1. Under 9 Å by Cβ, and 6 or more places apart or on different chains, what pairs join a residue from the range 1-14 that is touching a residue at least 40 places away in the same chain (Cβ under 8 Å) with one that is assigned to a strand (DSSP E or B) and more than 16 Å from the ligand (Cβ to nearest atom)?
2. Any residue in the range 1-20 that is in contact with a Phe, Trp or Tyr (Cβ under 6 Å, 6 or more places away or on another chain), of a type in the set (Gly, Ala, Ser) and at pLDDT 70 or above?
Amino acid sequence: MAFKKIFICTQCAHESPKWEGKCAGCGQWNTMIEEIIERKKDKNVLSNARYTKGELKPLHEVKSVETVRMYTPDGELNRVLGGGIAPG
Ligand SMILES: [Zn+2]
């Protein structure tokens with residue numbers, strides 16, 4: 001298990017290996033926060049778990065929940081809905 005420390009902008013989600021007073025992505029000042037990324041290598045499957053430090057919780061973090069589609073047993077309905085029903 002390896003941990004990597006990066007800095008991510010709370011405004012535009014720009015990532016940088018080092019802290020920057022001014023974000024290179026959006027040009028805002030003091031928007032970079034420290035973030036620890038846990039990298040798990042298991043049978044070539046790479047999954048990242050992120051832990052955000054600091055009081056700011058970027059919106060993109062909250063929204064970046066995996067989209068899970070629920071498939072109905074009715075194939076015809078699936079086609080009509082375009083591949084399944086997205087919950088929410
Ligand atoms: Zn930015």
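The values are calculated or read from the model by the stated rules, or taken from the named source; none is laboratory data. Model, not experiment: these values are computed from the prediction. Positions of Cβ are generated from backbone atoms using ideal geometry, with glycine treated the same way; all protein chains shown enter the neighbour counts.
1. 8/50
2. For the range 1-20, residues in contact with a Phe, Trp or Tyr (Cβ under 6 Å, 6 or more places away or on another chain), of a type in the set (Gly, Ala, Ser) and at pLDDT 70 or above: present.
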